[in-house]
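Asker: Below is the structure I would like to discuss, written out as structure tokens.
Readers should treat all values here as calculations from the given coordinates under stated rules, not as data from a laboratory. Treat the numbers as computed from the prediction; the structure is a model and nothing was measured. For neighbour counting, all protein chains shown are included, and Cβ atoms are generated from backbone atoms with ideal geometry for every residue, glycine included.
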Amino acid sequence: VKKYIYLMLTAILAAGTLLTLHDMQVSEGMGLYLALQSGHEDRRLFDIAVDIAALLLLAILLWIPFFNAKPKTGEHFFRIMVCYLAFMPGISTAYILHFFTDFSVPAIAAGEEILINAEKILDYIRLLAPFAVLLGGVYCFSEGQRLLRKHIGCGMASIVMLSAGAVLSGWTDMLCFIAIYLLLLVALDLWKKLTFTAWPIYGILFFKCIYNFYDIMAKYN
Amino acid sequence: MTEDNRKYLPITLIYISIATILLVLLFLVHQQTHFMMDDEWYATNLVTGEKLQSFSDILESQKWHYDNWGGRSVTHGILQMTLMSGEFWANIFNMTATLLLVFMICLLSGYLNAFSYVLGLSLVIALNANIKTSMLWQSGTVNYVYATAWILLFLWIYVRALKGTKYRVEKRQNAGTVRVFKQIAALAGISVLGLMTGWSNENMGPASFLFAVGVIGYKYFIEKEKSPLWMYMGAFTTLVGSALCIVAPGNFVRSKEIYYTGLVNMITERMIMMLQAGAAFLLPSVLLCVVLGCMYCRYQKAAVKVEYIMLGVMAFLAFGAMVLSPHFPDRATFGVMCLLIVLILHFLQELMCRISGFRRCGYLLLGISAIISAVKLLSIIVLQGV
């Protein structure tokens, strides 16, 4: 029964992700932009192509921690998916395209701009950072284990990226996205080694995912 | 200086430094935040429109307010008093109320020392969904910070009774006029506090009443013990206060202004509103509380104490009661957030006391919440974001 519940919840999240992604990128006109660039009038095929590309990218991001999970059960995949969708900032396909096609040097922020960026970063990490810190703390200090080199590496890299995000205007969102993803990898790796009742946490994060879907859709409609 | 004192001096100095930095930043933010929006209206006699001059102006205003605008007479009466005292003194009162609130949070969690106080203070700022409207805007500060402080005081008295610590007046067995006088004073005190608690706001007031009834019921049915008169009195006055707050004619005057769009639309809107409040405004505190609760059950191998289960249920009821309201602004989650911080501190204390390694986990949590709080306050000071 447990297996089927996780399967059903994962399916709900997958469907929600697909709908949100489609809604977001169609509203932003990514498919339309690509269609016009290649001289086509019908955007539908391009919209579908963008949906598939975005889903593939998402699948890769979900697969990395799942590849590391042992045993590879439905519960593990659900945990990864629910954490990803709850904690990661929403990043649009148009932003990714713009980021990778605009090769201008990022502006160095100063004074007030650094604080504006820092506030944005804090908003992003306000939820994940205490969660990761607690998991790390419990793992190290209660289970009597040490953080591995990969945990420390990912943690340090994310701190560097977050600091760089405060200074480099224009790159803040992308650097935050990568930094939070790294933090998430650490948190997920620590969580799988800890054994405590997780369903209340899953439940809360599941609602956060549903809210994120609603929030993004409300913004684009 | 003893060896123990010398050992703990550096860490105590660190706590004092963190608290000082946060309090100085908070005071600077208060100084920068002038009376605004509703404050300007409440700073006048609501009937005549003239600037508030005396206590009778406040009484006259609150009478009009009750009939035409809303039932929160206690908080709005106090708000008008702080507005009448001017910005500087209002800021001093606000800082005092914040310090008292954190003190009450620690007291209720059963974890009162330098560490828990600094952690409580930084969590109130770091987990706050909207610090500007709940702790800086004068109307918000009185409605949420002041009101939550006395609500927590009311709850603490009942939690003490539940823990088996009898109310001081009852411990005195010596008969005579002193005892009778003290009992009357206790009854009067709890009546005033209960009335203020019930009359504070529309969700925390009724939830406090249910909490008091829950404590009385638990003592009666589970502990097979009769509750003292003051407990019934406190519950009754909270009920009266809640009723006065909710059935105020002003609430009905204002509710007529809300356009009714049909039952289905209303249910959908309320569901979205609750989802937003739970999954966005309250999420950091809920998540922290649940994670620590799960760890408590796992590592402590003990059930959560009944008074903290009741506080958790009360937080849920106070949150759920908002489904009856047409709006659920982010600042309205302040009271529930404070209850969750009480639970967070309680779980953390139990874990830190029993599992030595968990101590460092608590320090990490303090570090990160202090950084988040400081950056939040600093950005308001520098960016004038209020």
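Asker: Averaging over every viewing direction, what projected area does the convex hull of the Cα atoms of chain B cover, in nm²?
Answerer: For chain B, averaging the hull's shadow over all directions gives 22.9 nm².
Asker: Gaussian network model of chain B, Cα springs within a sub-10 Å range: biggest mean-square fluctuation belongs to which of B:Gly86, B:Gly70, B:Gly110?
Answerer: B:Gly86
Asker: Return the aspartates and glutamates within reach of A:Lys70: Cα separation strictly under 18 angstrom, same-chain partners fewer than 8 residues apart disregarded; answer none if there are no such residues.
Answerer: A:Asp189
Asker: When the gyration tensor of the stretch B:79-168 is built from Cα positions, what are the square roots of 5 times its three eigenvalues, in whole Å, from largest to smallest?
Answerer: Whole-Å semi-axes of the equivalent ellipsoid: 26, 16, 11.
Asker: While we're here: Output wanted: per-residue J couplings in Hz (rounded whole) for the stretch A:156-170, from phi through Karplus 6.51 cos²θ - 1.76 cosθ + 1.60, θ = phi - 60°, x for Gly and Pro.
Answerer: Using θ = phi - 60°, the values come out as 5, 4, 5, 5, 4, 5, 5, 5, 5, x, 6, 8, 8, 5, x Hz.
Asker: Label A:Ala11 and B:Arg360 with points 7 Å out from Cα along Cα→Cβ: what is the distance between them in nm?
Answerer: For the pair A:Ala11/B:Arg360, the computed spacing is 4.6 nm.
Asker: Another question, then. How far is it, in nm, from the label point at A:Ala218 to the one at A:Phe100 when both lie 7 Å from their Cα along the line to the Cβ?
Answerer: 3.2
Asker: If I build a Gaussian network model for chain B, linking alpha-carbon pairs within less than 10 angstrom, which residue out of B:Pro206, B:Pro326, B:Pro284 has the largest mean-square fluctuation?
Answerer: Comparing B:Pro206, B:Pro326, B:Pro284 in the GNM, the peak value goes to B:Pro326.
Asker: Report, in deg cm²/dmol and to the nearest 500, the calculated mean residue ellipticity at 222 nm for chain B, where each DSSP H run with n ≥ 4 adds -39500 (n - 2.57) and the sum is divided by the residue count.
Answerer: Roughly -23500 deg cm²/dmol at 222 nm, from the helical runs in chain B.
Asker: Exceeding 29 Å between C-alpha atoms, which entries from my cross-link table qualify? They are A:Lys3/A:Lys219; A:Lys120/A:Lys208; A:Lys72/A:Lys150; A:Lys120/B:Lys7; B:Lys7/B:Lys301.
Answerer: A:Lys3/A:Lys219; A:Lys120/B:Lys7; B:Lys7/B:Lys301
Asker: Could you identify which residue out of A:Asp23, A:Asp42, A:Asp189 has the top mean-square fluctuation in a GNM of chain A using Cα springs shorter than 10 Å?
Answerer: Looking only at A:Asp23, A:Asp42, A:Asp189, the biggest GNM fluctuation is shown by A:Asp42.
Asker: Here is a further query. Give me the compactness ratio for the protein assembly as shown, meaning the Cα radius of gyration over 2.2 N^0.38 Å.
Answerer: The value comes to 1.05.
Asker: For a paramagnetic label modelled at 7 Å from the Cα of B:Glu50 toward its Cβ, which residues of the stretch B:75-97 fall within the zone defined by backbone nitrogen distances under 18 Å?
Answerer: B:81, B:84-85
Asker: Then there is this: Cα centroid distance between the stretch B:223-242 and the stretch A:146-221, in Å?
Answerer: 47
Asker: Collect residues whose amide H, placed 1.01 Å from N in the peptide plane, falls under 5 Å from the amide H of A:Leu168; neighbours closer than 5 in sequence don't count.
Answerer: A:Ala109
Asker: Also: D for the stretch A:1-80, whole µm²/s, Stokes-Einstein with Kirkwood Rh over alpha-carbon pairs at 37 °C and 0.692 mPa s: what number?
Answerer: D, rounded to a whole number, is 230 µm²/s.
Asker: Apply the Karplus curve 6.51 cos²θ - 1.76 cosθ + 1.60, θ = phi - 60°, to the phi angles in the stretch B:20-31 and return the couplings in whole Hz, x for Gly and Pro.
Answerer: So the J values, rounded to whole Hz, are 4, 4, 5, 5, 5, 4, 5, 5, 4, 5, 4, 4.
Asker: Right, here's the next one. Between the alpha-carbon centers of the stretch A:39-71 and the stretch B:260-331, tell me the distance in whole angstrom.
Answerer: So the two Cα centres are separated by 34 Å.
Asker: Please compute the modelled spin-label separation between A:Gln37 and A:Lys120, points set 7 Å along Cα→Cβ, answer in nm with one decimal.
Answerer: Placing both labels 7 Å along Cα→Cβ, they lie 2.3 nm apart.
Asker: Stokes-Einstein D for the stretch B:243-375 at 10 °C, 1.306 mPa s, Kirkwood Rh over Cα pairs, in µm²/s?
Answerer: 92
Asker: Hey, another quick one. What is the set of long-range amide H partners of B:Trp69 at a cut-off below 5 Å, with H atoms built 1.01 Å from backbone N?
Answerer: Correct list: B:Gly250.
Asker: Follow-up question, since we're still on this one. I'd like the Karplus ³J(HN,Hα) series for the stretch B:109-122: coefficients 6.51, -1.76, 1.60, θ = phi - 60°, whole numbers in Hz, and an x wherever there's a Gly or Pro.
Answerer: Working through the residues one at a time gives 6, x, 9, 10, 8, 4, 4, 5, 5, 5, 5, x, 4, 5 Hz.
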